[in-house]
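Undergrad: Attaching a single structure in structure tokens format; questions to follow.
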Amino acid sequence: MNPFSFNTTPSLRMGAGLAGELGQITRPICGDRVLLVTDPGMMATGLVQQATDCLRAAGVEVTLFDQVQADPPEEIVLQAAQQALGKTGVIGFGGGSSLDVAKLAALLAASNQPLAEAYGIGNAQGPRLPLVLVPTTAGTGSEVTPISIVTTGASEKMGVVSPLLLPDMALLDPELTLGLPAHVTAATGIDAMVHAIEAYASVNANNNPISRALAVEALGLMGRMLLRAVQKPDDLEARTGMLLGSMLAGQAFANSPVAAVHALAYPIGGHYKVPHGLSNALVLPHVLRFNAQVAPQAYAALLPHV
């Protein structure tokens, strides 16, 4: 076995209804002055209001940043980081874009490092503010990955990759994903499945037995639950399986990185504003067909779990 490293979020809490305890759970970590990072779509659901009410009931002063966009541009990240100044912690609440912005807001507000200097692998400098991430979609696994993706310029995407971006806690409540529209459920679910597939088959030197085991479990969960979640948006068992599968796939690819599907999907999303999960779905069959010529054993091993 080759030497490998494996890093993930140090504390995970998962359970239906946990969002109702958000204040009690996060105050010991994030303190009593927090920035809550989310997006306009989440604001319209009423879930953000419930979250802020829970925080304030626990004696937490909440500043709301609700301007996150899909494929967030640099100016949104910088605005969030400015709002995080003087806070004792940051909470990301929403889909992958909100969690990515929350990570960088926590980092930049505490480190004073220019964003441009943080791009790349291992270039971010600490410290960062305490950070809790609460996903409301089952797709990116951002709550357990040391990665934030930012849109620079008109269409180019760049990433900050550093263990500093791993939050202090991920809080997963499947009730927050109930009722997601079918197209969002499908696209984010495919994104998570691609994370698992690429992590398992990766030729990266850090491809490791932990990531492969997590990828197999994630793919099995999502393979069983995705269609149910699409067809029955209020099926709590299906939503729980999807959220857990997305998190496991995130742990897998955070340590055994993704490859050609994501490399091709990012520019499609950047240039044509195609949702990330959909761009993955468009590219996936063609990459699998190409890769199967040189890695048939890996894909054959995954097939029974889909």
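Just so it is clear, none of the values below were taken in a lab; they were calculated from the coordinates. Everything numeric here is computed off the predicted structure, so don't read it as measured data. Cβ atoms come from the backbone with ideal geometry, glycine included; neighbour counts cover every protein chain shown.
Undergrad: From the convex hull of the Cα coordinates of segment 1-110, what is the mean projected area in square nanometres? Mind dumping the intermediate values first?
TA: Details: hull surface 34.5 nm².
For the Cα atoms of segment 1-110, the hull's average projected area reads 8.6 nm².
Undergrad: Given the rule -39500 (n - 2.57) for each run of at least 4 DSSP H residues, summed and divided by the residues of the chain, what is its mean residue ellipticity at 222 nm, to the nearest 500 deg cm²/dmol?
TA: Working: 12 runs with 156 residues, N = 306.
It comes out at -16000 deg cm²/dmol, rounded to the nearest 500.
Undergrad: Something else now. Would you kindly compute the Cα radius of gyration of segment 178-305 and its largest Cα-Cα separation (Dmax), both in Å?
TA: Gyration radius and largest Cα-Cα distance of segment 178-305: 14.1, 41 Å.
Undergrad: For the chain, with the dipole built from +1 on Lys and Arg beta-carbon atoms and -1 on Asp and Glu ones, taken about the Cα centre, which of G189, A215, S142 lies farthest toward the positive end?
TA: Comparing the listed Cα positions along the dipole, A215 ranks first.
Undergrad: What order do you get for F6, F290, F93 when you list them from fewest to most C-beta neighbours inside 10 Å?
TA: F290, F6, F93
Undergrad: I've got another one for you. Quick one: order H195, H276 by neighbouring beta-carbon count within 10 Å, fewest to most. Kindly include the intermediate steps, with their values, before the conclusion.
TA: Details: H195 34, H276 27.
The order, fewest Cβ neighbours first, is H276, H195.
Undergrad: Taking a quarter of the surface of the Cα convex hull of segment 125-208, what do you get in nm²?
TA: Dividing the Cα hull surface by four gives the mean projection, 7.7 nm².
Undergrad: Just want the ordering: S148, S5, from fewest to most Cβ atoms lying within 10 Å of their own Cβ. Walk me through the intermediate numbers first.
TA: Working: S148 28, S5 8.
If I rank by nearby Cβ atoms, fewest first, I get S5, S148.
Undergrad: Using Cα pairs under 8 angstrom and six or more residues apart, how large is the relative contact order of segment 178-305, in percent?
TA: 35 percent
Undergrad: Convert each backbone phi in segment 264-271 into a coupling constant with the Karplus relation 6.51 cos²θ - 1.76 cosθ + 1.60 (shift: θ = phi - 60°), then list the ³J(HN,Hα) values in order as whole Hz, x for Gly and Pro.
TA: Per-residue couplings from phi come out as 7, 6, 4, x, 4, x, x, 7 Hz.
Undergrad: Separate question: Can you count the Lys pairs in the chain whose Cα atoms are under 24 Å apart, with each pair 8 or more apart or on different chains?
TA: Close lysine pairs under the 24 Å cut-off: 4.
Undergrad: If you fit an axis through the alpha-carbon atoms of helix 276-291 and take the longest principal axis of the Cα set of the chain, what angle between them do you get, 0 to 90°, nearest 10?
TA: The answer is roughly 20 degrees.
Undergrad: Around C54, under 12 Å between beta carbons, what's the net of Lys plus Arg minus Asp minus Glu among the other residues? Don't jump to the answer; show the numbers that get you there.
TA: Details: positive: R27, R56; negative: E21, D53, D173.
Here the count lands on -1.
Undergrad: Quick query: amide H of G94 versus all other amide H atoms, modeled in the peptide plane; which residues come in under 5 Å with a sequence gap of 5 or more or a different chain?
TA: Those lying under 5 Å, H to H, from G94 are V134, T136.
Undergrad: Go from 0 up to the bin containing the longest alpha carbon distance in the chain, width 10 Å each, and give me the % of pairs per bin.
TA: Answer for the chain: a P(r) of 7, 30, 37, 22, 5, 0 percent.
Undergrad: Give the shape of segment 58-193 as rounded, prolate or oblate, defined through the alpha-carbon gyration tensor: a ≥ b ≥ c are the square roots of its eigenvalues, a/c under 1.5 means rounded, and otherwise the shape is prolate if a/b is larger than b/c and oblate if not.
TA: Here segment 58-193 falls in the oblate category.
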